[in-house]
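The values are calculated or read from the model by the stated rules, or taken from the named source; none is laboratory data. None of the values given here were measured: they were computed from a predicted structure. Heads up, the Cβs are rebuilt from the backbone with ideal geometry, glycines too, and the neighbour counts pull from every protein chain shown.
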Amino acid sequence: MEAKAIHKYIGTSPRKMRLVIDLIRGLRVEKAIEILHFSAKHPAKNAEKVLRSAISNLLNKDEESNLEPSDLYVKEAFVNQGPTLKRMLPAPMGRAYTVRKRSNHLTIVVASKS
């Protein structure tokens, strides 16, 4: 059994999100939530939210079986690049610098060990 959760258009760069997601890939769900909850990195809050959603999706998907959160693990976790917003920043001598505000799409798949 497996279930997934997707969060699109997260307002952090994909590179920063990948640093956080690499910490939890393949771990047990309880350990992954603990790591994300106490992580000092900003994207960890969004990653924890998506992980909790994936767990909830799995538990709601198969209500008849008695799945415990201790039996679950993070099967897949990946980050894709989202759209980039281009903004202008005033620069010296009448110029303008382009500022690229990147976004990402996060997907987490949770599965049971059995």
* Considering segment 51-90 alone, what residues qualify as being part of a strand (DSSP E or B), over 16 Å from Lys31 (Cβ atoms) and out of contact with any Ser or Thr (no Cβ under 9 Å at 6 or more places or on another chain)? -> Pro90
* Select from segment 81-114 the residues that are surrounded by fewer than 14 Cβ atoms within 10 Å (Cβ to Cβ) and touching a Pro at 6+ places or on another chain (Cβ under 7 Å) and write down the one among them that is nearest to Arg15 (Cα to Cα). => Gln81
* With (1) loosely packed, with under 14 Cβ neighbours inside 10 Å; (2) over 12 Å from the mean Cα position of the chain (by Cα); (3) in a helix (DSSP H, G or I) as the list, and Asp22 as the residue in question, which single condition is left unmet? -> (2)
* Asked: Taking segment 91-114 as the region of interest, how many residues are within 30 Å of Tyr73 (Cα to Cα) and either of a type in the set (D, E, K, R) or in a strand (DSSP E or B) (or both)?
  -> 11
* Structure fact -> Subset of segment 38-47, residues part of a helix (DSSP H, G or I) and out of contact with any helix residue (DSSP H, G or I) (no Cβ under 6 Å at 6 or more places or on another chain), comes to Lys45, Asn46
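Quick one: which of Ala44, Ala5 is crowded, with 17+ Cβ neighbours inside 10 Å, within 16 Å of Ser112 (Cα to Cα), of a type in the set (A, V, I, L, M, F, W, C) and under 11 Å from the mean Cα position of the chain (by Cα)? If you could, list the steps in order and put the result at the bottom.
Working: Ala44 fails: within 16 Å of Ser112 (Cα to Cα).
Just a single option satisfies the conditions, and that option is Ala5.
What are the residues in segment 19-42 that are more than 15 Å from Leu72 (Cα to Cα) and touching a residue at least 12 places away in the same chain (Cβ under 8 Å), if any? Walk me through it before giving the result.
Here is the first cut: in segment 19-42, the ones more than 15 Å from Leu72 (Cα to Cα) are 19-23, 35-42.
Within segment 19-42, Leu19, Val20, Ile21, Leu23, Ile35, Leu36, Ser39, Lys41, His42 qualify.
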* To do: Would you check if there is a residue in segment 55-63 being surrounded by 13 or more Cβ atoms within 10 Å (Cβ to Cβ), modelled with pLDDT of 95 or more and of a type in the set (Gly, Ala, Ser)?
  => no
* Structure fact -> Screening Glu76, Glu64, Glu68 for residues that are acidic (Asp, Glu) and under 15 Å from the mean Cα position of the chain (by Cα) leaves only Glu76
